[in-house]
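The values are calculated or read from the model by the stated rules, or taken from the named source; none is laboratory data. Small disclaimer: the values here were computed from a predicted structure and weren't measured. Please note: Cβ atoms are built from the backbone with ideal geometry, for glycine as well, and neighbour counts cover all protein chains shown. Note: areas computed on protein heavy atoms with side chains; ligands, DNA, RNA excluded. Shrake-Rupley method; radii C 1.70, N 1.55, O 1.52, S 1.80 Å.
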Amino acid sequence: QVHMVESGGGWVQPGGSLRLFCAASGSAISINAVGWYRQAPGKQRELVATWANGGSTWYAESVWGRFSISRDNAKNTMYLQMNSLKPDDTAVYYCNANFGSHGRSWYEPSDYWGQGTQVTVSS
């Protein structure tokens, strides 16, 4: 059974940086698109960034210019680099992936979720 594994969260002061990791457990098939989500206490889960191997990348306005997605092909691992963090970025972060060796123009939500990783931004 395939599920996602997120890591890299933690506590950071405002203005700091964190890099989150996303890998697939139970699948040797390449990730060809990913969506990063977050859910703050008492709020709905929101999509903050997407990437597809066909070249499309999207960021929510709230994180644009501060967050960036990258990929390690050899490790089949996705990253979310988060800079200039704000207290409003505090949330549990999740990744959700599409799989395949073909090119993909955009990300689409799938059934593959992980447990998430907690990010806390406070002084």
Take the eigenvalues of the Cα gyration tensor for the chain, scale each by 5, and report the square roots as semi-axes in whole Å, largest first. 24, 15, 13
Kirkwood hydrodynamic radius (Cα pairs, Å) of region 36-89? 12.2
Tell me the trypsin sites (Lys or Arg not before Pro) within region 17-111 that lie in a loop according to DSSP and have at most 10 other beta-carbon atoms within 10 Å. LYS43, LYS75
Heavy-atom accessible area per residue of region 13-81, all protein chains kept, 1.4 Å probe, expressed in Å², is 52
Accessible carbon and sulfur surface of region 24-123 relative to its total accessible area, %, 1.4 Å: 46
